[in-house]
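Written out below as structure tokens is the structure these notes cover.
No value in this document is a laboratory result; all are computed from the given coordinates. Since the model is a prediction, treat every value here as computed from it, not as a measurement. Cβ placement follows ideal geometry from the backbone for every residue including glycine, while neighbour counts extend to all protein chains displayed.
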Amino acid sequence: MLDWLLSTAFTVRDTPMTWAEVLGFLTGVLNVWLLVRQNVANWAVGILNVLLLMVVFATSGLYADASLQVLYVVLGLLGWWQWLRGGDRGRLEVSRTTRAEWTVLAVAGVAATAGLWLLLDRVTNSTVPLPDALTTVLSLVATYLQTRKRLESWWIWIIADLIYIPLYLHKDLRLTAALYVVFLGLCVAGLLAWQNALRARVPEPVAA
């Protein structure tokens, strides 16, 4: 199975695209599309997607991103449960990130990025330790916020995608880079959709 996933599906401008990358592209788009629509099935599709991307990243020297996929599986299972059972009345609703959450995530994020950067730089042969570390931490923060259905998770994903796209191009992962361009557009759509959902649930006060 692994040999087939790493085999060439087709070639774009002399760059081979593996089946793992192709299937990662397709499941990734479906996952984010379902997420935009607040469909709980996004978590099952997302788990399949990260397992495929784990293969892609591990064979491309993006070790932090490959390791990140393991945590995504755990967060995917957590998100699945939270969306079904985590709300006051059952299903979780869109909400905003609290100031306390931002403080904890900011401190933990800076520390984790610095620690992972040093680890990748000194222990592995990664050629992109800082962007690999930064995107890893941003992705974890964004995914955690989405398990809680926080609106601001989309902003974190947008920032991460803007770093991911040139990073994957640098690694000759052209199809994966294209996938993240699609992700970027879906993230903007998700931000707008979740904003509308939040406004519908919590109407803005009418000025006197």
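Of interest is the spacing of the C-alpha centroids, which for segment 12-83 and segment 139-208 amounts to 15 Å. From its DSSP helices (H runs of at least four residues, each -39,500 (n - 2.57)), the chain gives a residue-normalised ellipticity at 222 nm of -25000 deg cm²/dmol. So if we plug the beta-carbon distance of VAL29 and ARG122 into 1/(1 + (r/R0)^6) with R0 = 41 Å, what FRET efficiency do we get, rounded to 0.05? Rounded to the nearest 0.05, the efficiency is 0.70.
Its alpha carbons considered, segment 120-189 gives a radius of gyration followed by a Dmax of 12.8, 39 Å. Cα-based radius of gyration for segment 46-148, normalised by 2.2 N^0.38 Å, reads 1.19.
Screening the chain for DSSP H helices whose Cα atoms reach 24 Å or more along their own axis and whose mean Kyte hydropathy is at least 1.6 gives 19-36. Across the chain, the volume of the C-alpha convex hull divided among the residues equals 127 Å³ per residue. Between THR59 and VAL107, what's the calculated FRET efficiency when r is the beta-carbon distance and R0 is 30 Å? Round to 0.05. So the FRET efficiency works out to roughly 0.35.
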